[in-house]
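First the structure, in the form of structure tokens, and then the observations on it.
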């Protein structure tokens with residue numbers, strides 16, 4: 001009973017402390033929110049229904065529980081004020097950047113222990129929310145708040161590590177936070193371990209007692225493992241589609257994890273420009289230098305431990321996805337890289353290394369500028385897709401045999417590809433080919449969704465059980481952009 005009373009008193013004290021702390025971080029929070037809002041302005045102006053958004057905007061469903069994101073389903077009812085999820089953008093994205101701004105300030109406080117935030121420190125935390133990877137999360141009009149919440153939930157437990165009863169409170173808050181991450185967006189599952197490794201390294205370099213570091217590490221590991229086990233056994237629904245929730249056998253586990261990590265790192269190398277990679281490498285060097293310079297441990301040992309910790313943080317930032325038999329490699333699943341960059345940048349800047357301020361500011365500025373490049377590219381692709389779609393619809397509308405009689409089976413073949421005007425910018429930014437979806441093409445559910453569901457086409461359906469490409473259909477019309485084939489009730493549109 002006494003322990004329960006102590007825990008209740010600790011939670012009460014923690015809540016009061018958090019309230020006072022929130023008042024103290026008002027200015028940096030507003031600054032970060034303004035930066036995020038400006039950064040995604042081009043994205044908001046593009047007003048693109050990004051992939052799954054097309055289905056939700058049309059049918060108003062939730063659907064996140066299919067991937068065990070039950071909390072996303074639950075919270076969506078409050079954000080949309082209805083069980084039918086109407087299109088209310090940019091409100092969800094604004095909520096997302098509010099959560100990201102709060103997360104950024106919390107992370108700065110966890111790393112530096114200060115609420116008086118400098119311009120350089122604010123700039124250092126920008127990769128957390130405006131990395132090229134999290135930009136895809138912000139592209140989703142419906143998913144964005146819950147993806148941002150997963151990052152906030154990963155960071156909040158470390159606020160609970162302060163106070164008299166820090167270990168019990170930290171453990172309890174961490175378990176609930178891990179469950180929140182798993183029920184909002186599991187791609188954030190690497191953030192908690194990254195911060196745990198960093199804080200252990202920071203404490204060790206400050207020559208804190210190994211017993212205290214061990215107790216913190218044990219509490220963090222137990223909370224993380226317990227939360228994951230509870231989620232997997234009690235909450236998770238098995239998935240086996242474009243991503244699988246299954247884990248390889250014990251014999252194949254390590255080789256599979258190594259292959260997955262190698263694939264993730266391969267994507268980072270191809271997604272990031274050479275300039276970005278040079279800047280990130282320099283920030284890593286400055287982080288190691290700052291850790292070793294300020295370390296109270298023997299310098300050679302400090303160098304070795306810091307380099308190993310840096311490597312571990314970079315790899316674990318991909319979270320539990322790297323352990324799955326079929327993980328998700330989309331950019332939105334890799335935003336842990338941006339959080340990792342924010343952690344090492346904030347620390348290096350806080351340690352007063354002047355050169356890293358310039359390098360970090362340049363990297364944050366390049367990410368900031370890229371957000372406009374990406375938003376405008378989405379807008380160009382949207383206009384190109386609508387133009388190509390309307391060309392096909394106008395041709396079908398002029399054919400009497402399609403507009404009269406029985407319902408016709410119309411199949412899309414080929415792809416419109418990317419807008420010709422994007423050729424130059426996509427050659428400079430390889431990640432754009434993974435961020436910008438082609439939504440008028442074959443062999444993808446979302447490649448024809450808008451065509452079949454958004455324009456009210458009469459007497460037209462798509463029978464996926466029949467592949468018209470294998471049929472020898474006569475050519476009805478051949479244009480610059482597509483070839484129309486068909487006879488009777490079957491018609492094939494071959495996009496060029």
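Remarks
- Selection status of residue 361, out of contact with any helix residue (DSSP H, G or I) (no Cβ under 8 Å at 6 or more places or on another chain) and either more than 22 Å from residue 200 (Cβ to Cβ) or in the same structural domain as residue 256 (by TED's automatic domain parsing) (or both): no
- Hey, residue 342 surrounded by fewer than 17 Cβ atoms within 10 Å (Cβ to Cβ), assigned by TED's automatic domain parsing to the domain that holds residue 155, assigned to a helix (DSSP H, G or I) and modelled with pLDDT of 95 or more or not: no
- Within region 345-356, the residues that satisfy the criterion of being assigned to a helix (DSSP H, G or I) and touching a residue at least 12 places away in the same chain (Cβ under 8 Å) are 345, 346, 347, 348, 349, 350, 355, 356.
- Being part of a helix (DSSP H, G or I), under 19 Å from the mean Cα position of the chain (by Cα) and over 23 Å from residue 192 (Cα atoms) is not true of residue 322.
- Only residues that are part of a helix (DSSP H, G or I) and either under 17 Å from residue 134 (Cβ atoms) or not assigned by TED's automatic domain parsing to the domain that holds residue 129 (or both) were counted across region 30-68, and they come to 14.
- Which numbered condition residue 310 fails, given (1) surrounded by 14 or more Cβ atoms within 10 Å (Cβ to Cβ); (2) closer than 29 Å to residue 156 by Cα; (3) in contact (Cβ under 8 Å) with a residue 40 or more places away in the chain: (3)
- Number of the exception - residue 248 against (1) surrounded by fewer than 14 Cβ atoms within 10 Å (Cβ to Cβ); (2) more than 30 Å from residue 426 (Cβ to Cβ): (1)
- Flag not set for residue 315, criterion: within 24 Å of residue 254 (Cβ to Cβ), free of Cβ contacts under 8 Å to residues at least 24 places away in the same chain and part of a helix (DSSP H, G or I).
- Helices (runs of 4 or more DSSP H) completely within region 69-185 that count 1 or more residues being closer than 30 Å to residue 377 by Cα: 70-80, 91-112, 119-124, 127-130, 132-139, 144-155
- Of the set (1) without any contact (Cβ under 8 Å) to a residue 40 or more places away in the chain; (2) touching a helix residue (DSSP H, G or I) at 6+ places or on another chain (Cβ under 6 Å); (3) farther than 30 Å from residue 277 by Cα, all apply to residue 408 but (1).
- Looking across region 223-276, just one residue is free of Cβ contacts under 8 Å to residues at least 24 places away in the same chain, farther than 27 Å from residue 180 by Cβ and assigned to a loop (DSSP other than H, G, I, E, B), and that is 249.
- Any chance residue 312 is modelled with pLDDT under 95, more than 20 Å from residue 137 (Cα to Cα) and not assigned by TED's automatic domain parsing to the domain that holds residue 459: no
- Residues that are surrounded by fewer than 11 Cβ atoms within 10 Å (Cβ to Cβ) and either in a strand (DSSP E or B) or over 42 Å from the mean Cα position of the chain (by Cα) (or both) within region 470-492 comprise 472, 474, listed in sequence order.
- Here 330, 289 are screened, and the one residue that is surrounded by 15 or more Cβ atoms within 10 Å (Cβ to Cβ), over 28 Å from residue 135 (Cα atoms) and out of contact with any helix residue (DSSP H, G or I) (no Cβ under 6 Å at 6 or more places or on another chain) is 289.
- Meets criteria (more than 24 Å from residue 125 (Cα to Cα), surrounded by fewer than 15 Cβ atoms within 10 Å (Cβ to Cβ) and modelled with pLDDT of 95 or more) for residue 179: no
- Tabulated pairs, region 184-212, first touching a residue at least 24 places away in the same chain (Cβ under 8 Å), second in a loop (DSSP other than H, G, I, E, B) and surrounded by fewer than 18 Cβ atoms within 10 Å (Cβ to Cβ), C-beta under 8 angstrom, 6+ apart or interchain: 187/328; 204/297; 205/296; 205/297; 206/296; 207/296; 207/297
The values are calculated or read from the model by the stated rules, or taken from the named source; none is laboratory data. Worth saying up front: this structure is predicted, and the values here are computed from it rather than measured. Note that we place each Cβ from the backbone using ideal geometry, even for glycine, and neighbour counts take in every protein chain shown.
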